[in-house]
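**Q** Sharing a structure below in structure tokens format, with a few things to ask.
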Amino acid sequence: MAEEKKYNVESFNLDHTKVTAPFVRLASKKVGEKGDVVTKFDIRFCQPNKEFMSTGAIHTLEHLVAEYIRDEIPGVIDFSPMGCRTGFYFTLWGENDESYIAEHMLNVLDKVALWDKEVPAATEKECGNYRDHDLEGAKSLAKKWTEGIRAKGWNCYK
């Protein structure tokens with residue numbers, strides 16, 4: 001039996017056929033030379049290889065969540081979309097667990113689902129692609145994520 005190839009990129013080693021979106025998954029934990037801990041989470045919105053987010057919706061979600069997650073959780077480093085457009089990577093300082101992240105993502109995405117203001121930082125001066133936003137698409141994805149997490153929990157292997 002051939003040995004399965006292991007990649008340097010953690011997500012390339014994830015069996016995308018065995019997970020069920022939406023979910024929150026600890027993707028990695030790094031400890032620096034001085035003991036600082038950084039955790040990275042896979043915040044999945046769409047079922048891998050079955051669906052994906054439009055660029056406008058993912059862009060708007062990134063703007064809204066990146067801005068407002070910082071009010072929910074201290075130590076945020078980054079909230080950035082995956083190239084496959086099925087979710088986001090959420091990176092922050094400290095040891096955090098999936099249930100803690102899911103709880104706070106629910107709070108933020110509940111707000112996004114009901115958002116009735118303009119998209120923050122969506123002008124030519126503030127954004128590198130300010131014309132590519134889809135607020136209704138972002139709201140729909142946020143609602144779908146929160147409903148899915150409330151129905152099945154945050155775990156991707158359930």
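**Q** Counting residues in region 51-134 as N, plug N into 2.2 N^0.38 Å and put the Cα Rg over that result.
**A** Here the answer is 1.10, to two decimals.
**Q** Leaving out ligands and nucleic acids, note down the accessible area per residue over region 41-145 with a 1.4 angstrom probe, in whole Å².
**A** Computed with neighbouring chains in place, this is 51 Å² per residue.
**Q** Further question: How far is helix 135-152 tilted off the main Cα axis of the chain, in degrees rounded to 10, range 0 to 90?
**A** On a 0 to 90 degree scale, this one is about 40.
**Q** Another question about this same structure. Of 88, 153, 130, whose Cα points farthest to the positive end of the dipole of the chain (charges on the beta-carbon: +1 Lys, Arg; -1 Asp, Glu; origin at the Cα centre)?
**A** Result: 153.
**Q** Got a number for the accessible area of residue 38? Probe 1.4 Å, square angstrom, nearest 10.
**A** Here the residue's solvent-accessible area equals roughly 40 Å².
**Q** How large is the helix-only mean residue ellipticity at 222 nm for the chain, computed as the sum of -39500 (n - 2.57) over DSSP H runs with n ≥ 4, divided by its residue count, in deg cm²/dmol to the nearest 500?
**A** Helices in the chain give a 222 nm mean residue ellipticity of -11000 deg cm²/dmol.
**Q** If you don't mind, there's one more thing I want to ask. Nearest 10 degrees, 0 to 90: what angle lies between the long axis of helix 98-113 and the longest principal axis of the chain (Cα atoms)?
**A** It works out to around 20 degrees.
**Q** While we're looking at this one, here's another question. Quick one: pull the percent of accessible area on region 77-158 belonging to carbon and sulfur, 1.4 Å probe, ligands and nucleic acids left out.
**A** 50
**Q** Is there a quick way to get the dipole size of region 66-136? I mean about its Cα centre, with the Cβ of Lys and Arg at +1 and of Asp and Glu at -1; what is the value in debye to the nearest 20?
**A** In debye, rounded to 20, region 66-136 gives about 220.
**Q** Here is a further query. Based on Cβ point charges of +1 for Lys and Arg and -1 for Asp and Glu, what charge dipole magnitude is obtained for the chain about its Cα centre, in debye rounded to the nearest 20?
**A** That gives the chain a dipole magnitude of about 460 debye.
**Q** So, one more: Using a 10 angstrom Cβ neighbour count of at most 15 plus a DSSP loop assignment to flag exposed GluC sites (Glu not before Pro), which longest range of the chain is free of such sites?
**A** 52-94
**Q** Choose one of 99, 119, 109: the residue whose Cα lies farthest towards the positive end of the charge dipole of the chain (beta-carbon charges +1 Lys, Arg; -1 Asp, Glu; about the Cα centre).
**A** 99
**Q** Choose one answer from 117, 29, 139: the residue with the largest mean-square fluctuation in a GNM of the chain with alpha-carbon springs under 10 Å.
**A** Per the Cα network of the chain with a 10 Å cutoff, 117 tops the list.
**Q** Let me ask something else. Please give every one of the aspartates and glutamates within straight-line cross-link reach of residue 40, meaning a C-alpha to C-alpha distance under 15 Å, and leave out same-chain neighbours fewer than 8 residues apart.
**A** 10, 78, 95, 97, 98
**Q** Given Cα pairs under 8 Å that are at least 6 residues apart, what percent is the relative contact order of region 12-113?
**A** So the answer I get is 30 percent.
**Q** Roughly how tilted is helix 55-72, in degrees to the nearest 10 and between 0 and 90, from the longest Cα axis of the chain?
**A** 80
**Q** What is the spin-label model distance, in nm, from residue 71 to residue 100 if the labels are put 7 Å beyond Cα along the C-beta direction?
**A** 2.2
The values are calculated or read from the model by the stated rules, or taken from the named source; none is laboratory data. It should be emphasised that the depicted structure is a prediction, and the values quoted were computed from it without experimental measurement. All Cβ positions, glycine included, derive from the backbone under ideal geometry; neighbour counts span all protein chains shown. The protein model used for the area step is the full one, side chains on, heavy atoms only, and it has no ligands, DNA or RNA in it. Shrake-Rupley method; radii C 1.70, N 1.55, O 1.52, S 1.80 Å.
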